[in-house]
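The next block holds one structure in the form of structure tokens; read it before the comments.
The values are calculated or read from the model by the stated rules, or taken from the named source; none is laboratory data. Since the model is a prediction, treat every value here as computed from it, not as a measurement. Every residue, glycine among them, receives a Cβ derived from its backbone with ideal geometry; neighbour counts consider all protein chains shown. SASA here: full protein model, heavy atoms, side chains in, ligands and nucleic acids out. Shrake-Rupley method; radii C 1.70, N 1.55, O 1.52, S 1.80 Å.
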Amino acid sequence: MGIKTGDDYRTSLRDNRQLFVDGKLITDVTEYGPLKGVINTIARIYDQQNDPSFQEMLTFRSPSTGDLVSKTYLEARTKEEFEQLAACYHVRAQSTFGLMGRLTDFMSAYLMDQVCALRVLGKSEAADKAQKIIDNCRENDLQVTHALIDPQTDRSRDDAPNEAVRVVERRADGVVVSGCRLLSTLAPVANECYIGPYFPRKAGEEDFVLAFQLPMNAPGLSILARQTYDNGQNSFDRPLTSRFDEGDAILVFDKVFVPNDRLIVNGDLEAYNGIMQFGAGYMVIQACTRSTMKTRFLTGMATAVARMNKRDKTPKFQAAIGELVGWVNIAEGIRTASIVDAQKRIEAFAKGEKIAAGDGLSSPVFQTVSGFAALNFLFPYINTKAVDVLRLAAGSGVLAPTEADYDRPEVGSMMDRYLIAEGFDSKERLKLLKMAWDMTGTEFGSRQGLYERLYSGDPERNAINWFKNPSTGECASLIDKFFQM
């Protein structure tokens, strides 16, 4: 089949899934008003692949059919291929200004990393199954999401809670699973969902050691979505919410059958725990590209608002925005580094090595994925900083009337008289302030802040994992070298 159009995507969502949202059971998501905005946004991205001016950058010929397919599935090996893949990620992130973190770009990269890791671990059968799932996603241009986290029942314990997805029946043709997984961003408007590892399992938890992918309309699967934030406000008053509210959901599996060809890992602790460790880094490139684009967008918004109300003339805001511009440049450097890191890892894996080791002189002995550290620590900080600068630049001006108020003649005339800025009429000013409010004060904006904070998992747990990293010892060894001088 190859690349879809936007209409093809809409048709694919009419699958009688069991989606519960806003107190309603929705079986045709394309007809549910609060989801139409984000569906239209994703549909435009599908149409972009069919646009001759973008097609070469966004697509390539399938290695199995020769059809045009999404370049997010390009298994880059060479410098040129990595540059092509990174350019594709950049254009697609630009289409949503980095505001949608779980477009299928992320899962294309994640799934390719999974195959890479399984091959490094010598898990050929699991890798072959994972590759067939990739082939299906690529050839049918599916919108894929994931759910990696166990229910929040007792966060003081590391073992799998009883409510987590687990095997309840083993059959010759597959397994039957029950339980819950969260938090599946994009699930209400995705075609399929991947269930797999994030934190490691322990011996004795083999029934929870699962990695598989299923359609969103799988019998027995319920999608419990959070409240939608697009409540019918127009795109003027909620310019971001109305386009980019991608949704989040809890997935509940009630005796759901997973056939063998969809079951990547089943009880293999080494495979399960290694998937996140030995990927090439495609996912990190995509995530750093998306995070960098969002940093650019927030910096641009803060600059536009400050210019509108002349705060850009003050040293305070020049310094604040200047710092953001500095972070943009650092973010671009991290994105570049993530590409270099991935290529080094691919080269190491090709030589049968599990890590890309340096010589200890011109480069560190242990070379880790720098972009992943940025996703854990740096990008959440930058996002918080940028939103705060935007909030202060806009000030109380964001507490403004609506477009409907402006369109009322007696109100609009007062706004035209009193609510203006140099170079901006009152409606242009209002439009910009509405965007700032949507990013800083609405439910959408609040969710964006929480999402970026937790994008790559629990910050404290991530930090503890970095403490266990070999780099800790490598840094500490410098102290020994100092005292040996």
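Tabulated data
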read-out	value
Relative contact order of the chain, defined on C-alpha pairs under 8 angstrom at six or more residues apart (%)	15 percent
Filter on Lys36/Lys71; Lys79/Lys468; Lys202/Lys294; Lys202/Lys354; Lys71/Lys132; Lys71/Lys351 - keep pairs with C-alpha separation over 28 Å	Lys79/Lys468; Lys202/Lys294
Listed residues Asp105, Asp261 arranged by accessible area, highest first, probe 1.4 Å	Asp261, Asp105
13 Å beta-carbon shell around Gly66, net charge (K/R +1, D/E -1)	0
Stokes-Einstein diffusion coefficient of the stretch 267-418, Kirkwood radius over Cα pairs, 37 °C, 0.692 mPa s, in µm²/s	175 µm²/s
Helix-only [θ]222 nm of the chain, DSSP H runs n ≥ 4, -39500 (n - 2.57) each, per residue, nearest 500	-16000 deg cm²/dmol
Local net charge near Arg296, Cβ-Cβ under 12 Å (Lys/Arg +1, Asp/Glu -1)	+2
For peptides 469-476, 422-429, 380-387, sequence by mean Cβ density within 10 Å, most packed first	380-387, 422-429, 469-476
Distant-in-sequence amide H partners of Thr228 (H built 1.01 Å from N, under 5 Å)	Asp22
Additional length obtainable on full extension of the chain from Asp158 to Asp359, 0.36 nm per residue less Cα span	68.7 nm
For the stretch 192-207, Karplus couplings with θ = phi - 60° (6.51, -1.76, 1.60), whole Hz, Gly/Pro x	9, 9, 9, 10, x, x, 10, 9, x, 9, 10, 4, x, 10, 4, 5
Span-like helix ranges in the chain, DSSP H, alpha carbon extent 18 angstrom or more, Kyte mean at least 0.5	104-120, 379-394
For the chain, accessible area per residue (1.4 Å probe, heavy atoms of protein chains only), Å²	44 Å²
Net length gained if the chain between Asp173 and Lys385 were fully extended (0.36 nm per residue, minus Cα distance)	71.2 nm
15 Å cut-off, amide nitrogen to a point 7 angstrom out along Asn140 Cα→Cβ, residues in the stretch 6-28	8-17
Trypsin sites (Lys or Arg not before Pro) restricted to the stretch 430-485 and DSSP loop, no more than 14 other C-beta within 10 Å	Lys468
DSSP-defined antiparallel bridges as percent of all bridges, the chain, nearest 5	85 percent
